[in-house]
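So the structure is just underneath, and the comments pick up after that.
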Amino acid sequence: MVDQPFEGEVVLEVARRWLNRNDDPFTRRHRDDLAQEAAATTWRVWHTLRDPQCATAFVRTIVKRLRYHALHRHFHGNDRNVPMDPTVLDRMAHEEQDAAPTYRVGNRLVEAEWLKRELDLALARLDATARDLLSAYYAGSSCREIGGRYGLSEGCVKQRLFRARSRVREAIESRARCAGPVRVVRKDQEQEREADR
């Protein structure tokens, strides 16, 4: 092991340069976070560096592994049975560019359009006051301001917001779990289900 000083800015630059070589949507979206995480990880294991001439390769190896594990978590969640093949993950990351945006709901990926429809349905099932409280809160009003408007204490507003959000989340996650064996619930699949009913 060598007594090589750790230079955070240099490490960040090496990590960013390597990440810039990967032009998939996932890496572009998470580039800064991955570079920061790589710098922090490098700092933690810096004492294990044996040859200062290998510092750049040392950092590149760390950022490459971090990106790979982030891709795996993004596409497979916590499923440890899926083979961790970097070529498959890279291909999926590039294919994501052509796909509609997806979001993880529970253990499933769903398209934004499906999620919006389900959100509208879940909000419609709430009572009018809960809907109004959520709308006011997400429009930027503080709990104190909302409480003044509705004659409620700040604590009561927080509690009602928590309950309303929980009901919305549970309703959407339940629908996602029932959406069938597909990983991504696509619009055309939803239309097929509608036609079958």
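The values are calculated or read from the model by the stated rules, or taken from the named source; none is laboratory data. Only a predicted model underlies this, so the values are computations on that prediction, with no experimental measurement involved. Cβ coordinates were reconstructed from backbone atoms using ideal geometry, including for glycine residues, and neighbour counts include every protein chain displayed. To get the accessible areas, we keep the full protein, side chains included, count just its heavy atoms, and leave off ligands, DNA and RNA. Shrake-Rupley method; radii C 1.70, N 1.55, O 1.52, S 1.80 Å.
Results, tabulated for the structure shown:
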{"read-out": "Ranked by how many other beta carbons lie within 10 Å on average, peptides 48-54, 21-27, 125-131 from highest", "value": "21-27, 125-131, 48-54"}
{"read-out": "Area accessible to solvent at TYR150, 1.4 Å probe radius, in Å²", "value": "90"}
{"read-out": "ALA112-GLN36 FRET efficiency (beta carbon distance; Förster radius 41 Å; 0.05 resolution)", "value": "0.95"}
{"read-out": "Calculated FRET value between GLU9 and ASP132, using beta carbons and R₀ = 35 Å, to 0.05", "value": "0.10"}
{"read-out": "Where labels lie 7 Å past Cα in the beta-carbon direction, separation of ALA139 and THR48 in nm", "value": "5.4"}
{"read-out": "Relative packing of peptides 134-142, 157-165 - highest average C-beta neighbours within 10 Å first", "value": "157-165, 134-142"}
{"read-out": "Amide H contacts under 5 Å for VAL105, placed H, 5+ residues apart", "value": "VAL110"}
